[in-house]
Amino acid sequence: DAKTTQPNSMESNEEEPVHLPCNHSTISGTDYIHWYRQLPSQGPEYVIHGLTSNVNNRMASLAIAEDRKSSTLILHRATLRDAAVYYCILVTNAGKSTFGDGTTLTVKP
Amino acid sequence: DVKVTQSSRYLVKRTGEKVFLECVQDMDHENMFWYRQDPGLGLRLIYFSYDVKMKEKGDIPEGYSVSREKKERFSLILESASTNQTSMYLCASRQDRAGNEQFFGPGTRLTVL
């Protein structure tokens, strides 16, 4: 199964944009790229997903490289409530998904 | 509001006991999943099901079984609990195979003594 690689941790200042990178060099042509985040003592929460084109929603933007071997989650203005562990995962056509260790985002006031 | 519920938030069992973890979703989703989450290991997929009575092994199925008799309910069974199965267990559901968001339950923290 294709795996993803993310930095262990990142820091951001409140009100500033945050770019969370993810490498998935072994992605197959039909794998979807999903992002989730997890707050302490809660289950993961969906953020955004895409296949080939960049995507925007009310929470974030997803920029997907042309070769699909990497992607970046963009939080346009970080708030303290965005502090969480962010997971980049690949979802196969069969519905199987593998979570890595994620990136712990710290937002400083 | 869509919901995935799990039968218990906290559970304490003894080694060798049979343990049932129940998960129910009210969104009429086809796909349901069981993960376990351990510090430093992230979320690991145990089993998933894409239809009633169907199941597929995930990355770490050993020591677990599942049951999906009804669309809305997906049960994880530990036939004989062991201490290395102490973990946070998360259930999730999704409408189709890959192209939609996955909804997670709040998790069950299982301790096996």
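The values are calculated or read from the model by the stated rules, or taken from the named source; none is laboratory data. Quantities reported herein were computed from a predicted structural model and do not represent experimental measurements. Cβ placement follows ideal geometry from the backbone for every residue including glycine, while neighbour counts extend to all protein chains displayed. For the accessible areas, the whole protein counts, side chains as well, though only heavy atoms, and no ligand, DNA or RNA atoms are used. Shrake-Rupley method; radii C 1.70, N 1.55, O 1.52, S 1.80 Å.
In nm, to one decimal, how far is the B:Val12 label point from the B:Glu56 one, both placed 7 Å along Cα→Cβ?
Distance between the two pseudo-spin positions: 3.9 nm.
Return the Rg/Rh value of chain B, two decimal places, where both radii are evaluated on C-alpha atoms and Rh is the Kirkwood radius.
Numbers: Rg = 13.2 Å, Rh = 13.9 Å.
Expressed as Rg/Rh, it is 0.95.
Within chain A, which is the longest segment containing none of the trypsin sites (Lys or Arg not before Pro) that sit in a DSSP loop and have at most 11 other Cβ atoms within 10 Å?
Result for the longest clean stretch: A:1-57.
Beyond 28 Å, how much of the Cα-Cα pair distribution for the protein assembly as shown remains, as a whole percent?
29 percent
Looking only at other chains, what is the average number of their beta-carbon atoms within 10 angstrom of each beta-carbon in B:30-42?
Averaged over the peptide's residues, the number is 2.
So which GluC sites (Glu not before Pro) in the stretch B:26-113 end up in coil per DSSP with only 14 or fewer other C-beta atoms within 10 Å?
Loop-located and lightly packed - B:Glu62, B:Glu79.
Taking only the alpha carbons of the stretch A:23-74, what extent do you get along each of the three principal axes, in Å, biggest first?
Taking max minus min along each principal axis of the Cα atoms, the stretch A:23-74 gives 35, 22, 16 Å.
From Cα pairs below 8 angstrom and at least 6 apart in sequence, can you work out the relative contact order of chain B, rounded to a whole percent?
Rounded, it is 36 percent for chain B.
For the stretch A:34-109, what is one quarter of the convex hull surface built on the Cα atoms, given in nm²?
5.6 nm²
Roll a 1.4 angstrom probe over the protein heavy atoms and tell me the percent of accessible area of the stretch B:32-104 that is carbon or sulfur.
49 percent
Work out from phi, with θ = phi - 60° and the Karplus expression 6.51 cos²θ - 1.76 cosθ + 1.60, the ³J(HN,Hα) of each residue of the stretch A:28-45, listed in order in whole Hz, and give x for Gly and Pro.
So the J values, rounded to whole Hz, are 9, x, 9, 6, 8, 9, 10, 10, 10, 9, 9, 8, x, 6, 10, x, x, 10.
Counting only C-alpha contacts under 8 Å and six or more residues apart, can you give the relative contact order of chain A as a whole percent?
Worked out over chain A, it gives 37 percent.
Positive end of the charge dipole of the stretch A:1-56 (Lys, Arg +1 and Asp, Glu -1 on Cβ, about the Cα centre): tell me which of A:Cys22, A:Tyr32, A:Ser12 has its Cα farthest that way.
Result: A:Tyr32, furthest along the dipole toward the positive end.
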